[in-house]
Amino acid sequence: MQQQEHRPVLLDEVIEHLRCTAGKCFVDGTVGGGGHARAILEKTAPDGRLIGIDWDADALAKAQSNLQPYEERLVLVRENFARIGPVLARLHVQAVDGILLDLGLSSFQVDAAERGFSFSKPGPLDMRMDTRAETTAAQLVNTLSEQELADLIWSFGEERWRRRIARNIVRVRAKAPIETTERLAEVVRRAIPAGKRSRKRHPATRTFQALRMAVNRELDNLRIFLQGALDLLRPRGRLAIISFHSLEDRVTKQAFSHWARSCRCPAQSPLCQCEGKPLVLRVNKKPVVPGAEEIKANPRARSGRLRVVEKAEAA
């Protein structure tokens, strides 16, 4: 089956909110196939620069191919965006004009059955973004206790049927290891009462999401990134993050809201020690979401949410 072309989500909105103009330097921390990166490079011509980061070797190879016409203004690095600080240090870049994270899976990742991300395509139960990592989804599914599985499925998938799903996984794996996406999807489906299964969404959606996030430590990496991101922006530089589910969006929103406060000192602190100045201006207090036309053209964009902040002049 031919893979679906990956379409960057909220492309026009990203370019507008990042204020991509000639000569600026940007980081795409999840460069993927290079859709957003291409648009940024076009808008910053003739002398703008882009540093593209991704820890998925397949994604980086696609970016290398797709962005070949811009290679003189482009640097690609195989790394996790959580390590953006060390990446920029190695490149002797002190600060940039904008940083973008698109936290969704690329279409080519979902469509590659051998990567194990999709419950609709039979393949090994892998789910590693970085194939150099040791832990796979199969290892978690076949080694965690029933309680640990239930906790994982709830923490990263917010799945109400977590206990039934965990119980069925443990029961089935006692007979033979669960090693394929197809088998796990069926185990999860059978764990949910027939009358309670969603007609709009596959019963295994939340469980697969939870396993993928656990395997790749996605929330941990986002939190680590947010701890140092502002230090890498020039004054009035912008940070844009596209999230696709409530967990990532909540972490992003909490960080942005904290930075935007006039006082960020602990509640028990008797005196303000942060000078009473916000670190950022929230460019959009409510997330930007795809319009009807974009969703029609690219249904996978439906749950995308874009949040943007601008670093304060004196931050």
Fill in the blank from the handout: When the stretch 121-155 is checked residue by residue, the ones that are closer than 16 Å to residue 172 by Cβ, crowded, with 19+ Cβ neighbours inside 10 Å and of a type in the set (Val, Ile, Thr) are 141, 153
Practice task
Could you list, in sequence order, all residues of the stretch 233-257 that are surrounded by fewer than 16 Cβ atoms within 10 Å (Cβ to Cβ) and at pLDDT below 95?
Solution key: 246
Problem - The listed residue being of a type outside the set (Val, Ile, Thr), in the same structural domain as residue 300 (by TED's automatic domain parsing) and modelled with pLDDT under 95, out of 264, 201, 197 - result: 264
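For every residue, the table says whether it meets (1) aromatic (Phe, Trp, Tyr); (2) without any contact (Cβ under 8 Å) to a residue 40 or more places away in the chain; (3) surrounded by fewer than 22 Cβ atoms within 10 Å (Cβ to Cβ).
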residue	(1), (2), (3)
12	no, yes, yes
29	no, no, no
34	no, yes, no
45	no, yes, yes
58	no, no, yes
Exercise for the section: Please specify each residue of the stretch 101-118 satisfying the condition of being more than 15 Å from residue 245 (Cβ to Cβ) and in contact with a helix residue (DSSP H, G or I) (Cβ under 9 Å, 6 or more places away or on another chain). Expected result: 106, 107, 108, 109, 112, 113, 115, 116, 118
Fill in the blank from the handout: Considering the stretch 284-315, residues that are of a type in the set (D, E, K, R) and over 20 Å from residue 230 (Cβ atoms), and then whichever is surrounded by the most Cβ atoms within 10 Å (Cβ to Cβ), we arrive at 305
Exercise for the section: Determine which single condition residue 97 fails, assuming it passes every other condition in (1) over 18 Å from the mean Cα position of the chain (by Cα); (2) surrounded by fewer than 17 Cβ atoms within 10 Å (Cβ to Cβ). Expected result: (2)
Practice task
Please find, among 81, 119, the residue that is in contact with a Ser or Thr (Cβ under 7 Å, 6 or more places away or on another chain), aromatic (Phe, Trp, Tyr) and under 30 Å from residue 236 (Cβ atoms).
Solution key: 81
Problem - residue 248 vs. criteria closer than 24 Å to residue 126 by Cα and acidic (Asp, Glu) - result: yes
Exercise for the section: Inspect all residues belonging to the stretch 175-194 and state whether any of them is within 19 Å of residue 251 (Cα to Cα) and not assigned by TED's automatic domain parsing to the domain that holds residue 249. Expected result: no
Practice task
Within the stretch 195-217, identify whether any single residue is among the hydroxyl-bearing types (Ser, Thr, Tyr) and surrounded by fewer than 18 Cβ atoms within 10 Å (Cβ to Cβ), and answer yes or no.
Solution key: yes
Exercise for the section: Scan the stretch 229-243 and give yes if some residue there is more than 24 Å from residue 89 (Cα to Cα) and in contact (Cβ under 8 Å) with a residue 24 or more places away in the chain, otherwise no. Expected result: yes
Exercise for the section: Return yes or no: is residue 85 buried (at least 22 other Cβ atoms within 10 Å of the Cβ) and in contact (Cβ under 8 Å) with a residue 60 or more places away in the chain? Expected result: no
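The values are calculated or read from the model by the stated rules, or taken from the named source; none is laboratory data. Predicted model, so just to flag it, every value in this text is computed and none were measured. Cβ atoms come from the backbone with ideal geometry, glycine included; neighbour counts cover every protein chain shown.
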